[in-house]
Amino acid sequence: MSLLNDPEVIAAGDPGGMRAHLEGFSSQLRKAAGIGESCAISRSGSGISSVAVLGMGGSAIGGEFAQGYLYDRLRVPIQVVRNYCLPAYVGPDTLVITSSYSGNTEETLASYSEAVSRGAKPICFTTGGELARRANEAGHDVVTIPPGLPPRAALGYSLVPLLRILGRLGLAPDPISEIDEGIEMAAKLADEYGMAGDLDSNPAKDLAEWLHGYVPVIYGSVPWTSVIATRWCGQFSENSKVVAHANELPEMNHNEIVGWGAHSPLTEMARVVFLCDSEDHTRVARRIEITRESIASTGAEVRSFGSRGASRLARLLSLVILGDFASLYLAVLSGADPTPVRPIDKLKAALAES
């Protein structure tokens, strides 16, 4: 019998309480929608020529998600900046969203300072810290989000207020109806993927069991599911403490597919996942079919997972939630506490000393 069929084993393997964060995601989405509606924004949408989202790790994934979700809906270009410095175009006409859950991320603080020096007036998403101090001192808008979560478990707070603000500024359609369906989807899937369900009836547990002992390789497609592949990769790394890899179609068909050209011990170490959505381009959907067959011929096992729901936002969130729960269960199978990220803490400490 699988360990994942025993709720007591799952609870014991999650002393940091990551499961509670995942099960509470629908509530987080609801609160985030309220924050996006009520937060004070001093600037108007007039004259904005571009959007830059500054952030790292879990604080940046909301911007990446918004970039994909709004691919054909946002009226100006958007770019996520995961760096100390900014692209040359960022200036007074750029809507600069600065996202740091702790408020102390050094790369984000550096790029925030550069944005200010170029005449931008950032909107800051944070729980507090140095970013809130600087923003309040400068009179910049601060969207205060609830503390107490690992940044990777705060996707709703980094995504939904951003979507609402872009809608309020007239840069994109108001997403509230899709957010409502996303909340319903999150609540439904928290029940379906919860720890009480047996392996045979729980897709997240089954996925974790299938991936256990292998390197997860996740492929999405531009623009919808590529960011979700990145999210899955990050969740398997941080929650499950395993090395994972993500890439996107159609680009990987022009390079990485060659690496799957022959059977090898490395291909036997991988389990490959394709993430699919009903809005995938017809040619991309065909590419996924062909690429699946090509990779399977090397001896690697391959699975595909389709999104669920009517609206685009609900569908994409459905895949996010599947990956999140699977990463929790994979951690339990690996004997790893999903919550701590000690190598990151060690790196930050070393940087602070230098």
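The values are calculated or read from the model by the stated rules, or taken from the named source; none is laboratory data. Treat the numbers as computed from the prediction; the structure is a model and nothing was measured. Cβ: placed from backbone, ideal geometry, glycine included. Neighbour counts: every protein chain shown. The accessibility values were calculated without ligands, DNA or RNA, using every heavy atom of the protein model including side chains. Shrake-Rupley method; radii C 1.70, N 1.55, O 1.52, S 1.80 Å.
Write down the Kirkwood hydrodynamic radius of segment 77-137, to one decimal in angstroms, obtained as one divided by the mean of 1/r over all alpha carbon pairs.
On the way: mean 1/r = 0.0876 Å⁻¹.
The answer is 11.4 Å.
Loop-located trypsin sites (Lys or Arg not before Pro) in segment 110-183 (DSSP state not H, G, I, E or B) with no more than 15 neighbouring Cβ atoms inside 10 Å: Arg118. For a straight C-alpha distance cut-off of 19 angstrom, the aspartates and glutamates reachable from Lys346 (same-chain residues fewer than eight places away being disregarded) are Glu106, Glu107, Glu238, Asp337.
Given the convex hull of the Cα atoms of segment 184-282, what is a quarter of its surface area in nm²? Don't skip to the end; give the middle numbers.
On the way: hull surface 31.1 nm².
Over all viewing directions, segment 184-282 projects a mean Cα-hull area of 7.8 nm².
Using the heavy atoms of the protein chains alone and a 1.4 angstrom probe, what is the accessible area of segment 34-139 per residue in square angstrom? Can you show the working numbers first?
Numbers: 4260 Å² over 106 residues.
Dividing the accessible area of segment 34-139 by its residue count gives 40 Å².
Here the contact order of segment 186-282, divided by its residue count and restricted to Cα pairs under 8 Å and six or more residues apart, works out to 32 percent. Taking the empirical scaling 2.2 N^0.38 Å for compact globular proteins as reference, segment 28-119 has a Cα radius of gyration ratio of 1.08. Straight-line cross-link reach from Lys205 at under 29 Å between alpha-carbon atoms covers these lysines, not counting any fewer than eight positions away in the same chain: Lys31, Lys188, Lys241.
If you sort the three axes of the alpha carbon gyration tensor as a ≥ b ≥ c, you get a/c of 1.5 or more for segment 131-205 and a/b no higher than b/c, which makes it oblate. Output the DSSP H helices from the chain with an along-axis C-alpha extent of no less than 27 Å and a mean Kyte-Doolittle hydropathy no less than -1.0. Passing helices, by number: 312-334. In percent, rounded to a whole number, the relative contact order of the chain is 21, using alpha-carbon pairs under 8 Å and six or more apart.
Regarding segment 186-235, what is the average projected area of its C-alpha convex hull, in nm²?
On the way: hull surface 17.0 nm².
The number I arrive at for segment 186-235 is 4.3 nm².
The heavy atoms of Ser311 offer some 20 square angstrom of accessible surface to a 1.4 angstrom probe.
Quick check: from the Cα gyration tensor, does segment 199-343 come out rounded (a/c under 1.5), prolate or oblate? It comes out oblate by the Cα gyration axes.
Is any residue of segment 108-133 close enough, with backbone N under 18 Å, to a label point placed 7 angstrom from the Cα of Ser49 along the Cα-Cβ axis, and if so, which? Output list for this probe position: 115-122. Note on segment 168-200 and segment 1-39: Cα centroid distance 13 Å, given to the nearest whole angstrom.
For Val53, nonlocal amide neighbours, meaning residues 5 or more places apart or on other chains whose placed amide H falls under 5 Å from its own, are Gln79, Val80, Val81, Ile97. Working from the Cα coordinates of the chain, the gyration tensor eigenvalues give, after taking √(5λ), semi-axes of 33, 23, 20 Å in decreasing order.
Since only Ala300, His212, Met56 are under comparison, the one whose Cα sits farthest along the positive direction of the charge dipole of the chain, derived from C-beta charges on Lys, Arg, Asp and Glu, is Met56. How large is log10 of I(q)/I(0) for segment 23-177 at q = 0.10, 0.16, 0.20 Å⁻¹ when the intensity is taken from the Debye formula with one equal scatterer per alpha-carbon? Cα-only, vacuum Debye calculation for segment 23-177: -0.29, -0.79, -1.32.
Of Asn136, Ile78, Gln28, which is farthest along the charge dipole of the chain in the positive direction, counting Lys and Arg as +1 and Asp and Glu as -1 at C-beta? Working it through, the farthest residue towards the positive pole turns out to be Asn136.
Can you give me the % of accessible surface on the chain that is carbon or sulfur? Probe 1.4 Å, all protein chains present, nothing else counted.
After summing per-atom areas, the C and S share lands at 54 percent.
Which value in deg cm²/dmol, rounded to the nearest 500, describes the helix-derived mean residue ellipticity at 222 nm for the chain, given -39,500 (n - 2.57) per DSSP H run of n ≥ 4 and division by the residue count? List each step's numbers first, then the result.
Values: 14 runs with 168 residues, N = 354.
That calculation yields -14500 deg cm²/dmol at 222 nm.
Think of each Lys and Arg Cβ as +1 and each Asp and Glu Cβ as -1; about the Cα centre, that makes the dipole of the chain roughly 900 debye.
Rg of the Cα atoms in segment 93-227, relative to 2.2 N^0.38 Å, amounts to 1.33.
Summed over the residues of segment 140-240 and divided among them, the accessible surface reaches 32 Å² per residue at a probe radius of 1.4 Å.
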